[in-house]
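Note sheet for the following structure.
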Amino acid sequence: MASPTATLAADRRAALLEVAHPSGLNFIHRNSSTSQRYLIETMGAGVALLDYNNDGLLDIFFVNSGHLDDPVKPPVDFWRRDPAYWNRLYRQNRDSTFTDVTKEAGLSGAAVNTYGMGVATGDYDNDGFTDIYVTGFPGNILYHNNGDGTFADVTTRSGVAGGGWSASAGFFDYDKDGMLDLFVTRYLDWDFARHQICGKDFSFYCQPDTYPPISSLLYHNNGDGTFTDVSQKSGIAEAKGKSLGVTFNDYDGDGWPDIFVANDRVENFLWHNNGDGTFTNTAMEAGVALSEDGKANSGMGVDFSDFDNDGRPDIVVTNLSSEIYSLYRNDGNGLFTYDSLPTGLGALTANHSGWGVRWEDFDNDGWKDFFAAQSHVQDNVNRLDPRKRYKEPPLLARNVRGKLEQVAIPGIGPVAGRGAAFGDLHRDGLVDVVMSILGGSPVLFQSVRNGNHWLSIDLIGTHSNRDGFGAKVEVNGQWGHASSAGSYLSASDKRLHFGLAEAREARVEIHWPSGAHQVLEHVKADQVVKVREP
C-alpha cells in the first residue's frame, strides 16, 4: 500500500488543466503586424466569459484588433467592416458546442473605426442582463444588452467613449449607490503620427519609455443610462501612468472597494477609496508600487485575490522576463510584503513574460492555484537576448498551502498568449480558462476532474448593484471578492467559485456592498447557488 506521503506526491503531479477543442469556436485574432512595428500591434487582445442570454451557459466574446497598412497613412482605416476583423460572440449550446452569433447580436464592431484591445462586463443598468464594454484606439464602445439576444451601441448617449489608447477596463461600484461605475486604463499618450522606429542594426518594438504617460479614466454611473467623467474630481487624473491591468478589492477592510493598476515601467498605483468619491494613491507607502529592489517593472496582468486563505486580498502582477512576477502579500495593516521569492513564484517566472493572470482553485482542494498567459512583447527578442523566447507555454502552478509548484499542461506548446478569462464552461464544478493568442486562434483549457467537491455562488443584488460586485464572500474559511475584472484586457465569469476538497457542505457568509450581512448554513456541495440580497 502506498504511503500517504507518496499518495500526496502523486496527487501533486496530476494534471490540473488540459487542452479542449470545442466545435464551433473558430475565431482568429488579427493584429496585422507590420514592418513599422507599431507598438499597438503586440499588445492585444482580450476575451470575456459571460452568460449574455441568461440560459445558464457561459458564452465567449473575443476582441479583434484590426487591419494596419504598412505603413499606416492618414486617414487611418482599420478595416473593421471586413468580417475577418470583427469582434466575435460565440453562444454556447447545450452540447458544449458553440455558435457564432456576432452578426445577429450586433457586436461585430464593424460600424466603429477602432483598433480593438480589451473588454469589461457588467450589468450597468441593473436590468438583469450583462452589458459589454470594448476598449481600443482611439476610442471605446459600450454595448447595452437588450435582453433579447441583441446589443445596442449606446456609447454616445452614455458618455463613455474615452479617447486615446485604452487598455483594460472594469465595472465596480465605488460609491456603493447600487449602480456600477467604470474604470478604464490608458496605456500611452501615443498615436500613429508620433510613432517612432526603434533599433539600429534591426528594428524592434519601442519601449514604453519612448512615449509620455497618460491618466486613466473613471466614469460615475448616473443611474439613467449615462455616465459622468469624474477622473479629475475623484483624483484619479492626478497620476499619469502607463497603465495596462486593473482590478478591484477592499485591501484595508474599510468596506470601500479600492483600485489596483499595473503600470509598464512606471510605479504601480493603489487607489485607496476615501469613501467620499475621491481616491488617494497609496501604492508607495503600502509597498506595492515597485519591486523588492525598488524598481518599476513592466506590469501587465493583475489579480487581487486572497491566495493564502488568511482573509486578506493579495496582489499579483505579471511582468517581463528578467523581472519576475510581483506577489504582494497583504499584511492586514494597510501594508504589503513582497512575497515572490518565498512562495516560489520568483523562481517560476524569472525567465518568462506574463499577461492574463488569475488565482483559481482548479483542483477544488480549497487553495487557489496560479495561471498566467505568457509570451514576450518582442517577436524578435532572441536577437536582443539569445536566452529569451518570444512564444511561451502558459504557466500553471498548484498552490500547496501558500507555496507554488509548477504543473505541466498537456497538449500546449509555446504560443503568444495575451488575455485570459476564467469560468466554469462545462457546468461541472471545474474552472476552465480561455486564453487569447496574439495573431492566432484562442486556446481553451478545461480542468481535470479529481473527485473534490465545490460550490459556486451567483449573487443577485437588490439594494447593492445587481451583480453584487464588491461583495465579500467567505466559504469554509476561503474568501472571494465579487468582480468580473482583472487579468489582462479580459473579463471572467461573475460567479464566485470555491473548492471544498472533501467537504460535502459549506457555511457561506456574505458581506454585501450595501452593508447587508447574510449567513447560509449547511449548504450542500456541488451546486451553483443563487443568493439574493436580503
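Observations on the structure shown:
- When Rg and Dmax of the Cα atoms in Å is calculated for this entry, the matching label among (i) 27.0, 99; (ii) 22.4, 70; (iii) 21.4, 73 is (iii).
- All aspartates and glutamates inside 14 Å of Lys388 as judged from Cα atoms, apart from same-chain residues fewer than 8 positions distant: Glu323, Asp379
- The stretch 437-503, accessible surface, carbon-and-sulfur percent (1.4 angstrom probe): 43 percent
- Computed with a 1.4 Å probe over protein heavy atoms only, the accessible surface of the stretch 59-179 comes to 34 Å² per residue.
- Shape call, the stretch 3-161: gyration tensor on alpha carbons, a/c limit 1.5: oblate
- With 23 Å as the limit, the listed pairs Lys176/Lys233; Lys73/Lys242; Lys233/Lys472 have Lys73/Lys242; Lys233/Lys472 beyond it between alpha carbons.
- Applying the Karplus relation 6.51 cos²θ - 1.76 cosθ + 1.60 with θ = phi - 60° to the stretch 83-98 yields 3J(HN,Hα) values of x, 5, 10, 6, 5, 9, 10, 10, 7, 7, 9, 5, 9, 6, 8, 10 Hz, where x marks Gly and Pro.
- Cα centroid separation, the stretch 65-98 to the stretch 115-183 (Å): 19 Å
- Judged by the mean number of other Cβ atoms found within 10 Å, the most tightly packed of the peptides 454-460, 117-123 leads the ranking 117-123, 454-460.
- Taking amide H positions as modeled 1.01 Å from N, with prolines and chain starts lacking one, the residues under 5 Å from Leu25 and 5 or more places away or on another chain are Phe98.
- Proximity of backbone amide H atoms, modeled 1.01 Å from N, is registered between Leu425 and Asp432 at under 5 Å, excluding neighbours fewer than 5 places apart on the same chain.
- Rg over Rh for the stretch 178-237 works out to 1.21, using Cα positions for both radii and the Kirkwood form for Rh.
The values are calculated or read from the model by the stated rules, or taken from the named source; none is laboratory data. If you're wondering where the values come from, they're calculated on a predicted model, not measured in any experiment. Glycine gets a Cβ as well: all are built from the backbone with ideal geometry, and neighbour counts include every protein chain shown. Surface areas here come from the heavy atoms of the whole protein model, side chains and all, with no ligands, DNA or RNA. Shrake-Rupley method; radii C 1.70, N 1.55, O 1.52, S 1.80 Å.
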